[in-house]
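Enquirer: Okay, here's the structure, questions in a sec.
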Amino acid sequence: MNSPIDTVSEITLTIKDVQELETELAEYSQVYRNLFGRREQKEQYEVYLQGLMSEIPNKSVETMMLHMNGDDPKAIRNMQHFLGQGSWQDKTILAQHWREVNQDLGDENGVAIIDSSGFPKQGNESVGVKRQWCGQLGKTANCQVGVFVSYASQHGYTLVNHRLYLPQEWVENMEYEERRAKCGIPEDITFKTQPALALEMVQELYEDGSLPFRWLTGDEAFGRDTAFLDNVGEIVSYFAEVPKDTNLWLQRPQTAVPERKSGRGRKPTKLKLIEGEPPAQSVAEIATNLSADKWSRHTIKEGSKGPLIADFVCLRVVAVRDKLPGPDVWLIIRRNIVDGELKFFLSNASMDTSFATFVWLSGMRWPVETCFEHNKQEIGMGDYQVRSWTGWHHHMTLCILAQFFLVRMQLRLKDKVPQLTLPQAILLLKTTLTQPKLDAAKAIEIVNYYQRRHEAAYRSHRKRRLANLHEAEVSL
């Protein structure tokens, strides 16, 4: 009897196929090269892109340049300037990225997936940093939070856009004015919630028109925002997870403008529920009251450990807006067959949408989560040490480009390696790239650089502390 590993088809990948990957990366880099203004920017872009996919302990500018160029403070400063203050435009790069994604992944039934991701940080000088929820750590911690859009279709998935979330105090409090200036936050920036940032990106993608998508999904952080759902619903069919306390009506209640009492006071003009109409129910209450015959079992997708199966109910309901009946929407409830956990989703999809489509959409959060995992573990998405607004967005843009090249690799090699994963694609690519060699001489150079830098930092901190102590003594 054959073991499971014996039944896997042997790959037909050749050494020549792997050797050609370096040429493919050069051709891919060329697509974006002319979007960088000066010759120095073009060269630094290519070095950084390659560095993100190389075997380096972490992908901060300092570490990257030390391992690739040795003890060259000027090269480090130039790359830091390219990333943190460079004049090249993320929007221009990303617009080209969308066209490239369309070539390989574009589908009229495509899905835009919105999600946020936290990046743990020390100190309080990095742009937008504060104690807030960090999904990576699973708790509230000092971090920055980015809002991202991923694109998924039957051909694959990748990240396509990003925004840094600025907490309200960072934008509106006068005590943050100096920090805003140091971080280079544009003066016209106003506070925007994470759903508002997501809406901006979805609108950009829709108006650009180069990457088609029919659906939008997101977790309950976005689904609970009814203004977001109404606005995004004007351009795309959403399928959004919502909290269990979300209220709905199973049938549209009657409303009317009340009559003026005793002929006194202003004449009422606002609609209200007619007396006796039932109140809205929470989705959790609705699920509890469903009979067993309402549920049906479906396979969501074939997962890495086997099929993902759940029980589903799909109901036509009435959403609540300002305590009054709002739009007619779909309520989809998914029940885990192992532990009974319930997930609730609302959708503005058309009446003829199939049950199978809702089942499929309920499993479409994983692509963006996988994008975050691969970007952070393999490409260094969270390794940056820049503090500026520009630097954060530049780094994320280049990480997105690096990831998509690996996605393109997976597609190109699909016939020869049908189940090639992104980490495996990186493994193949690393064999063709010129990898920084860490020998004794290079290690001495790196240690020497850090010794000088730490000494300079010590002197700076010591000078500041002595000045503060002197100021305190004078004031006594």
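The values are calculated or read from the model by the stated rules, or taken from the named source; none is laboratory data. Keep in mind that what you see is a predicted model, and the values were worked out from it rather than measured. Because the Cβ atoms are built from the backbone with ideal geometry, glycine has one as well, and the counts that use them run over all protein chains shown. Calculation scope for accessible area: heavy atoms of the full protein, side chains included, ligands and nucleic acids excluded. Shrake-Rupley method; radii C 1.70, N 1.55, O 1.52, S 1.80 Å.
Enquirer: Tally up the carbon and sulfur contribution to the accessible surface of the chain as a whole percent, 1.4 Å probe, everything protein left in place.
Expert: 49 percent
Enquirer: Another question, then. First select every other residue whose beta carbon is under 15 angstrom from the beta carbon of TRP88; then total the charges, Lys and Arg +1, Asp and Glu -1.
Expert: Around TRP88, the surrounding residues sum to +1.
Enquirer: Computed FRET efficiency, Cβ-Cβ of GLU341 and ALA141, R0 25 Å: what is it to the nearest 0.05?
Expert: Result of the calculation: an efficiency of 0.45.
Enquirer: Can you tell which of ASN102, SER87, GLY138 lies farthest toward the positive end of the dipole of the chain, using +1 and -1 charges on the Cβ of basic and acidic side chains (Lys, Arg; Asp, Glu)?
Expert: The residue sitting most towards the positive pole is GLY138.
Enquirer: Cross-link list LYS16/LYS430; LYS42/LYS74; LYS16/LYS42: which exceed 19 angstrom alpha carbon to alpha carbon?
Expert: LYS16/LYS42
Enquirer: May I pose another question? Farthest toward the dipole's positive end in the chain, which of LEU342, VAL160, GLY303, given Cβ charges of +1 (Lys, Arg) and -1 (Asp, Glu) about the Cα centre?
Expert: About the Cα centre, the residue reaching furthest to the positive side is LEU342.
Enquirer: A further question follows. What list of ³J(HN,Hα) couplings, whole Hz, do you get for the stretch 296-303 from phi and the Karplus terms 6.51, -1.76, 1.60, once you set θ to phi - 60° and write x for glycine and proline?
Expert: These are the phi-based 3J(HN,Hα) values: 9, 9, 9, 8, 6, 6, 8, x Hz.
Enquirer: Considering only the other residues whose Cβ falls under 12 Å of the Cβ of VAL202, what net charge follows from Lys and Arg at +1 and Asp and Glu at -1?
Expert: Around VAL202, the charge tally is -4.
Enquirer: Nearest 500 deg cm²/dmol is fine: what mean residue ellipticity at 222 nm does the chain get from its DSSP H runs of n ≥ 4 alone, each adding -39,500 (n - 2.57), divided by its residue count?
Expert: Calculated at 222 nm, the ellipticity per residue is -13000 deg cm²/dmol.
Enquirer: For SER237, which sequence-distant residues (separation of 5 or more, or a different chain) have an amide H within less than 5 Å of its own amide H, given hydrogens modelled in the peptide plane?
Expert: Residues meeting the criterion, in which the H sits 1.01 Å from N, are LEU216.
Enquirer: Further question on the same structure: If the limit is 27 Å between Cα atoms, which of LYS192/LYS270; LYS121/LYS244; LYS182/LYS463; LYS59/LYS343; LYS59/LYS182; LYS376/LYS414 go over it?
Expert: Correct reply: LYS192/LYS270; LYS121/LYS244; LYS59/LYS343.
Enquirer: Compute the Rg/Rh shape ratio of the stretch 1-116: radius of gyration over Kirkwood radius, all on alpha-carbon atoms.
Expert: Using Cα coordinates only, the ratio equals 1.09.
Enquirer: Which value results for Rg/Rh of the stretch 231-307 when Rg is the Cα radius of gyration and Rh the Kirkwood radius based on the inverse mean 1/r?
Expert: 1.19
Enquirer: Using alpha carbons only, how many angstrom separate the centre of the stretch 100-132 from the centre of the stretch 46-97?
Expert: Cα centroid of the stretch 100-132 versus Cα centroid of the stretch 46-97: 19 Å apart.
Enquirer: Check HIS162: other-chain or 5+ apart residues with amide H under 5 Å from its amide H, H built from backbone geometry?
Expert: Here VAL149 satisfy the definition.
Enquirer: Can you pull the three principal axis extents for the Cα set of the chain, in Å, largest first?
Expert: Computed over the chain, the largest-to-smallest principal extents equal 88, 85, 41 Å.
Enquirer: Go from 0 up to the bin containing the longest alpha carbon distance in the stretch 111-260, width 10 Å each, and give me the % of pairs per bin.
Expert: Here the calculated profile for the stretch 111-260 is 10, 32, 30, 19, 7, 2, 0.
Enquirer: Heavy atoms only, 1.4 Å probe, whole protein assembly: order ASP322, ASP383 by accessible area, highest first.
Expert: ASP322, ASP383
Enquirer: With +1 on each Lys and Arg Cβ and -1 on each Asp and Glu Cβ, and nothing else charged, work out how big the dipole of the chain is about its Cα centre, in Debye to the nearest 20.
Expert: Result for the chain is approximately 1260 debye, rounded to the nearest 20.
Enquirer: With the radius of gyration and the Kirkwood radius both derived from the Cα set of the stretch 349-437, what is their ratio Rg to Rh?
Expert: My calculation of the ratio gives 1.11.
Enquirer: Right, another one. How high is the relative contact order of the chain, given as a whole-number percent (alpha carbon pairs under 8 Å, six or more residues apart)?
Expert: 20 percent
Enquirer: Can you tell me the order of 403-409, 65-71 when each peptide is scored by its average per-residue count of other Cβ atoms within 10 angstrom, highest first?
Expert: Answer by packing, highest mean first, reads 403-409, 65-71.
Enquirer: What residues qualify as long-range amide H neighbours of LYS272, i.e. H under 5 Å apart, gap of 5 or more or another chain, H built at 1.01 Å from N?
Expert: Sorted by chain and number, the residues that satisfy this are ALA256, VAL257.
Enquirer: Size of the dipole of the stretch 255-322 about the Cα centre, Lys and Arg at +1 and Asp and Glu at -1 on the beta carbon, nothing else charged, in debye to 20?
Expert: Around 580 debye, computed over the stretch 255-322.
Enquirer: Just report the Cα centroid separation between the stretch 257-317 and the stretch 336-363, whole Å.
Expert: 15 Å
Enquirer: Any idea of the accessible area per residue across the chain, 1.4 Å probe, to the nearest Å²?
Expert: Using a 1.4 Å probe on heavy atoms only, each residue of the chain averages 54 Å².
Enquirer: Can I ask one more? If you build the Cα gyration tensor of the stretch 263-350 and take the root of 5 times each eigenvalue, what three semi-axes come out, in whole angstrom, biggest first?
Expert: That gives 38, 14, 10 Å for the three semi-axes.
Enquirer: Also, quick follow-up: Which order, highest average first, do 150-162, 244-256 follow once you tally other Cβ atoms within 10 Å for each residue and take the mean per peptide?
Expert: Final packing ranking: 150-162, 244-256.
Enquirer: Quick one: dipole size for the stretch 118-218, taken about the Cα centre, charges +1 on Lys/Arg Cβ and -1 on Asp/Glu Cβ, in debye to the nearest 20.
Expert: For the stretch 118-218, the charge dipole is close to 540 debye.
Enquirer: If you don't mind, another one. What number comes out for the charge environment of VAL147, summing +1 per Lys or Arg and -1 per Asp or Glu over other residues with Cβ under 13 Å away?
Expert: -3
Enquirer: Taking the highest mean first, how do the peptides 301-313, 201-213 order by number of other beta carbon atoms within 10 angstrom per residue?
Expert: Answer by packing, highest mean first, reads 201-213, 301-313.
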